[in-house]
Every structure is written in C-alpha cells, then in structure tokens.
Amino acid sequence: MLHTQIINEEVIERYVRNRLTPEERLAFEEHFFACDECFAKVQETERFVAGVCDAVEQCILAKPRPIGNAA
C-alpha cells in the first residue's frame with residue numbers, strides 16, 4: 001500500500017476504527033510496521049479515540065446543540 005493512498009483514503013482512521021477489509025488491513029500493516037510516520041500516526045489516533053470514548057463515558061463532552069438554535 002502506498003503512503004499517498006493511506007493519506008488520501010484515510011486508511012489510518014479506518015484501521016483504528018476496524019473499517020478495513022482483511023486485505024486492506026494486511027496491506028496497511030505491512031506498510032505501517034516499516035513506516036515510522038504511519039506507525040506514530042496509528043498510535044496517536046488510537047490515543048485520541050480512546051480519549052474521546054473515555055470523555056463520552058464520563059459525560060465530559062456536552063451534547064451538540066442543533067444548528068440554528070440561539071442560546
């Protein structure tokens with residue numbers, strides 16, 4: 001899998017969210033274990049997703065208001 005394809009197709013985000021086909025996952029893993037930039041981005045994205053999930057569970061994040069409503 002080419003680095004530009006990974007960026008253009010948001011493969012890292014899809015990888016972290018388990019949204020890749022088995023073939024895509026294998027091709028990406030072959031790349032990211034050899035690419036320091038992608039490896040770091042996977043770790044960063046996993047930490048971000050875990051933080052968001054934790055914030056939601058703890059009710060730290062406010063529910064978004066519908067667009068067009070004045071406060």
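The values are calculated or read from the model by the stated rules, or taken from the named source; none is laboratory data. Just so we're clear, the structure is a prediction, and the values are computed from it rather than from any experiment. FYI the Cβ positions are ideal-geometry reconstructions off the backbone, even for glycines, and counts take in every protein chain you see.
Sub-9 Å Cβ pairs linking a first residue in segment 1-30 that is over 23 Å from VAL52 (Cβ atoms) to a second residue that is basic (Lys, Arg) and in a helix (DSSP H, G or I), at least 6 apart or interchain, are GLU24/ARG14, ordered by first then second residue. Taking segment 1-45 as the region of interest, the helices (runs of 4 or more DSSP H) fully inside it that hold 3 or more residues being over 14 Å from the mean Cα position of the chain (by Cα) are 3-8, 22-32. Applying the set (1) modelled with pLDDT under 85; (2) surrounded by fewer than 11 Cβ atoms within 10 Å (Cβ to Cβ); (3) aliphatic (A, V, I, L, M) to ALA34 leaves exactly one unmet item: (1).
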